[in-house]
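Here's the structure, in structure tokens; my notes come after.
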Amino acid sequence: MPSMKELALLMKELEHQLNICTRCGMCQAVCPLFEQTGIEADVARGKLALLEGLAEEMFKDPKGVYERLSRCLLCGSCEANCPSGVEVLEIFIKARAILTHFIGLSPVKRAILRIMLAHPYTFDNFMELLPRIQKIFTKPASKNLGTSCARFVSPLIKDRHFKSLAPVPFHSKIPGLNSNPGKSGLKVAFFTGCLIDKIFPHVAEAVVGVLNYHEVGIFVPKGQACCGAPAISTGDTQTFDRLVQHNLDKFYTAEFDYLVTACATCAAIIKKVWPMMIKKQSSEIRSRVERLAEKTMDINQFLVSKTGLTMGSYYGNEKKVVTYHDPCHLLKTLGISDEPRALIKANPRYTLKEMHESDWCCGLGGSFNLQYYDISVKIGKRKLENIKKTGCSVVATGCPACMIQLSDMISKSGEKIAVEHPVEIYLNILNNR
């Protein structure tokens, strides 16, 4: 847990960064939350104005300040379009950490983060039990998408159509892997990520399949943990630090050229947030984090830039129309846009048709979807309409969280549109060469 000295340092850093904001209001035009609510406090400028008096406001109404900061998707649209270069995400993350230290975690968040997520083996064992009982409380919603909905009225699930937990997670199918590089001469560590491991294990299998095709050595350590996104977005630096250390222990001792992941959020957290939030750690830990961050790449980026793509052949007349949704963490945080599209275009069985506002947030925003589902749905419906206008039968995206949101919106609409990861589309042509 941060000491008061560390919190004071964080607050001093915030004061310096807040002074950069000129209150120009450019963030209003790109904020998906403000577009729905029209409330100034929901946009970055309003939150930054609030944070200028954080020290005073913490004592007056700390829970109110935290709630206003929580009404944010952390999509990075404001930061990506800020003419002054304000590092909005860093400011919000550090502010949440300060407030969480001051007011503490709720009993529910404490149980989820400190008791479950902070202990990877306990978390995995608990999550492996749920698929056995989930059918008691849920029923199928869309066979096409593999979504479910609540069997009974539930205040938590509400009217969601959600992706069920996979019967067998990826870490049970492949507990560990350590293969030697082939002709590529490259070896990667594969960071699976919680959502891909437990909901989309077929995406992880596609990653392994593609890497094997390109004769890339693969290291998958047994017992890897969450990247820490849920913890740090809540402001729980204690759990975040524990998860970072756990993953460092798992990955750092192995020899590999790059660390790859098929999750946009995991890539952004490891590459950007880990180095940002471990400044209070020892120089050895900081050095390890920075070196691992430098090696971290999105799987689409790795395949395009390091192995090169194999272009498929197809002489049939029928092609699937596919459109692509840019995940916020992939495009706005990491600047990756062309690479996922290149994987899709490598498969000649697909015709890529761009949607309007492909870079507009889908509205999930991690825990934002749980706290503000009604607003999340409104943002998601805007994305759905743009998807439908392309006439596609498949929408692809490089983020499992986006896949969950898109599946919810499409399932409830009754549209027959599949949701896939670009690496799945690429592997499909490799398997049918």
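The values are calculated or read from the model by the stated rules, or taken from the named source; none is laboratory data. Since the model is a prediction, treat every value here as computed from it, not as a measurement. Note that each Cβ is placed from the backbone with ideal geometry, even for glycine, and that neighbours are counted across all protein chains shown.
The table below gives the values:
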quantity: Scope region 417-433; condition out of contact with any Cys (no Cβ under 8 Å at 6 or more places or on another chain), at pLDDT 95 or above and in a loop (DSSP other than H, G, I, E, B); matching residues; calculated: 421
quantity: Some residue of region 117-138 being in contact with a strand residue (DSSP E or B) (Cβ under 8 Å, 6 or more places away or on another chain) and of a type outside the set (S, T, N, Q); calculated: yes
quantity: Set 376, 413: member being of a type in the set (Gly, Ala, Ser), surrounded by fewer than 18 Cβ atoms within 10 Å (Cβ to Cβ) and in contact (Cβ under 8 Å) with a residue 12 or more places away in the chain; calculated: 413
quantity: Identity of the residue in region 317-329, touching a residue at least 24 places away in the same chain (Cβ under 8 Å) and in a loop (DSSP other than H, G, I, E, B), that ends up nearest to residue 269 (Cα to Cα); calculated: 327
quantity: Checking residue 122 against (1) touching a residue at least 12 places away in the same chain (Cβ under 8 Å); (2) surrounded by fewer than 18 Cβ atoms within 10 Å (Cβ to Cβ), the condition it does not meet; calculated: (1)
quantity: Search result, residues across region 128-158 that are over 25 Å from the mean Cα position of the chain (by Cα) and part of a helix (DSSP H, G or I); calculated: 132, 133, 135, 136, 137
quantity: Lone unmet requirement of (1) exposed (fewer than 15 other Cβ atoms within 10 Å of the Cβ); (2) touching a Lys or Arg at 6+ places or on another chain (Cβ under 7 Å); (3) in a helix (DSSP H, G or I) for residue 314; calculated: (3)
quantity: So residue 116, is it closer than 28 Å to residue 409 by Cα and either loosely packed, with under 12 Cβ neighbours inside 10 Å or at pLDDT 90 or above (or both); calculated: no
